[in-house]
Amino acid sequence: VTLGASTMVLSYNNPDTFYIGTGDRDAGDAAGYGVIYSMNGGSTFSARNTGMGNVTVSKILMHPKNSAILIAATNSGIFRSTNSGALWTKTTGTLNFSDIDFHPFNPSIVYATSYGLFYRSTDGGGSFSQITNGVPSSGMQRGQIAVTKSDRGRVYFLVSLNSKFGGFYVSLDSGLSFTNANSSPAN
């Protein structure tokens, strides 16, 4: 069995406990089996994909104040667990989500991207709404999100179109609206 891995998160409570998101999120040449888990530093692993199934996981987040809460961006939507991955609940439609991040100071706010579209949650990943103020609302291919603790309202959003640079957007209000900072990078 070929096992691809696209993401891993280590518990801040116990360095021997970690979660791996399986599948190849970029080329798709390794099947996704959801999340696998180790509580003994990787000596053994077990599946933690109940409710999620065999999906490709692009990124896993662990809540910064409650390690039992996990959020996973997958090729079949966003899933959330409140019991350390024992059971996952889908909180979006079946879109292919490639990136997800917590607001650096408020874990109730979660940012996500699917096909270069920007989504925002205000209930800790329980539900998401698409943000269209200043960012593309269709036609993009992929997006990446970055946040910083040095400016709590700043969110960067990089998108691609036809495997090329599609735009670089900046939000100063925690992802409610964006401005296009650059649409043609240096060659």
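The values are calculated or read from the model by the stated rules, or taken from the named source; none is laboratory data. Everything quoted here is computed from the prediction, not taken from an experiment. So basically every Cβ, Gly included, is an ideal-geometry build from the backbone, and we count neighbours across all protein chains shown. Please note that ligands, DNA and RNA were not included when accessible areas were found on the heavy atoms of the full protein model with its side chains. Shrake-Rupley method; radii C 1.70, N 1.55, O 1.52, S 1.80 Å.
Candidates in segment 1-10 are the residues that are of a type in the set (A, V, I, L, M, F, W, C) and open to solvent by 60 Å² or more (accessible area, probe 1.4 Å); of these, the one that is modelled with the lowest pLDDT is VAL1. Name, by its number, the condition in (1) buried (at least 20 other Cβ atoms within 10 Å of the Cβ); (2) at pLDDT 95 or above; (3) under 25 Å from GLY143 (Cα atoms) that does not hold for LYS90. Result: LYS90 fails condition (1) only. Can we say SER81 is surrounded by fewer than 20 Cβ atoms within 10 Å (Cβ to Cβ) and at pLDDT 95 or above? In short, no.
Taking the criterion of being closer than 14 Å to ASN75 by Cα, open to solvent by 30 Å² or more (accessible area, probe 1.4 Å) and hydrophobic (A, V, I, L, M, F, W, C), the residues of segment 11-55 that qualify are ALA27, ALA31.
Table: residues versus (1) open to solvent by less than 70 Å² (accessible area, probe 1.4 Å); (2) modelled with pLDDT of 90 or more; (3) under 23 Å from THR74 (Cα atoms); (4) touching a strand residue (DSSP E or B) at 6+ places or on another chain (Cβ under 9 Å).
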| site | (1), (2), (3), (4) |
| --- | --- |
| THR148 | yes, yes, no, yes |
| VAL155 | yes, yes, yes, yes |
| SER160 | yes, no, yes, yes |
| SER163 | no, no, yes, yes |
| VAL170 | yes, yes, no, yes |
| GLY175 | yes, yes, yes, yes |
| ASN180 | no, yes, no, yes |
| ALA186 | no, no, no, no |
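Against the condition more than 20 Å from GLN144 (Cα to Cα) and at pLDDT 95 or above, how does THR122 come out, does it pass? So THR122 fails the test. For segment 130-143, filtered to residues that are open to solvent by 70 Å² or more (accessible area, probe 1.4 Å) and assigned to a strand (DSSP E or B), the residue that is farthest from TRP88 (Cα to Cα) is ARG142.
Among the residues of segment 19-38, how many are over 23 Å from LYS90 (Cβ atoms) and modelled with pLDDT of 95 or more? Can you show your working first?
Residues of segment 19-38 that are over 23 Å from LYS90 (Cβ atoms), as a first pass: 27, 29, 38.
Subsequent filtering for residues that are modelled with pLDDT of 95 or more retains 38.
Going through segment 19-38 one residue at a time, the tally reaches 1.
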